[in-house]
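Asks: Before I ask anything, here is the structure I am working with.
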Amino acid sequence: MNQKNKLYEFLEKIKFYITNNKKCSTVILLAILVPLIGKLLLVNSAERSFEAGIVAFFHNYSPSFIMALSKLLAIVFSTKSCIVILFILAVISYFIKRDWRITLIQLATCLLPMIYIFAVKFIVHRPRPFIGVKIKVPPDPSFPSGHTAAAVAICSMALMIIYIANKSFLRLGLIVSIIIVAIVAISRLVVAAHFPSDVLTSAIMYPILVLSILNLSKSNSFIYNKILRKLK
């Protein structure tokens, strides 16, 4: 009975946080709008043609070494590789702080937004770009970009490790992370696997969701007092 009361209290705190926090309400609104925007993109043929033209430009005019690098990045930042890299980073994080609870929060913070990304993918079900030539692309829907989301997830985990290891490198880590995400996003256009709106959506929404989960964790007194306070 005591556990049920604690669970109920925890859920009530989350409800209070959501209803009384403007930032959280804005994030929820954005999360609802994204699949609606995705559905609108499906019926807008002019916009689709415009974006397909951008994809064709990147694919047709990229040098061979850029194409080769883009194909390599497609492997490195695939969903399976992302999970492997995140767990490797989790092991590193654990050996730095020696607290499995901190590592677990870091993993959850980086992985939970991925559930949202894939949910939107299959809700919207946007076809991959077609630029007039036969290209081998992943079978799953195009919007939003899973590879760009994976890049953000990995960079977010790396930044949290930098935060607990040496905060003085955090700004440099942030700059490097932005560059990595941008490169991965462009690489998805180079291999003609995504529209620009696919990669932009993941590059914008994923960090917002990560920060929202972190703020939600801080708002919970148990998580903050028992775990997150140690990071200060």
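Asks: Going by how many other Cβ atoms sit within 10 Å of their own, how do Ser142, Ser25, Ser187, Ser202 line up, fewest first?
Replies: Starting with the residue having the fewest Cβ neighbours, the order is Ser25, Ser142, Ser187, Ser202.
Asks: Let me ask you something else. Label Leu42 and Leu69 with points 7 Å out from Cα along Cα→Cβ: what is the distance between them in nm?
Replies: The two pseudo-label positions are separated by 3.6 nm.
Asks: Please arrange Leu112, Leu216, Leu40 by counting, for each residue, the other beta carbons lying within 10 Å of its beta carbon, fewest first.
Replies: Ranked by crowding around the Cβ, least crowded first: Leu40, Leu112, Leu216.
Asks: Report ³J(HN,Hα) in whole Hz for each residue of the stretch 50-66, in order, from the Karplus equation J = 6.51 cos²θ - 1.76 cosθ + 1.60 where θ = phi - 60°; Gly and Pro get x.
Replies: 4, 5, 4, x, 5, 4, 4, 4, 4, 6, 7, 10, 7, x, 4, 5, 5
Asks: For a quick check: sort Phe122, Phe57 by the number of other beta carbons within 10 angstrom, fewest at the front.
Replies: With the sparsest Cβ surroundings first, the list reads Phe122, Phe57.
Asks: Highest mean first, how do 156-162, 193-199 rank when packing is the count of other Cβ atoms within 10 Å averaged over residues?
Replies: Order by mean packing, descending: 193-199, 156-162.
Asks: Greater than 30 Å separation of Cα atoms is the criterion. Which listed pairs, Lys39/Lys71; Lys39/Lys167; Lys23/Lys136; Lys121/Lys167; Lys39/Lys136, meet it?
Replies: Violating the 30 Å limit, Cα to Cα: Lys39/Lys167; Lys23/Lys136; Lys121/Lys167.
Taken together, the values in this text are just the output of simple stated rules run on the coordinates, not laboratory data. Remember, it's a predicted structure, so these values are computed and weren't measured experimentally. We place every Cβ from the backbone using ideal geometry, glycine too, and count neighbours over all the protein chains shown.
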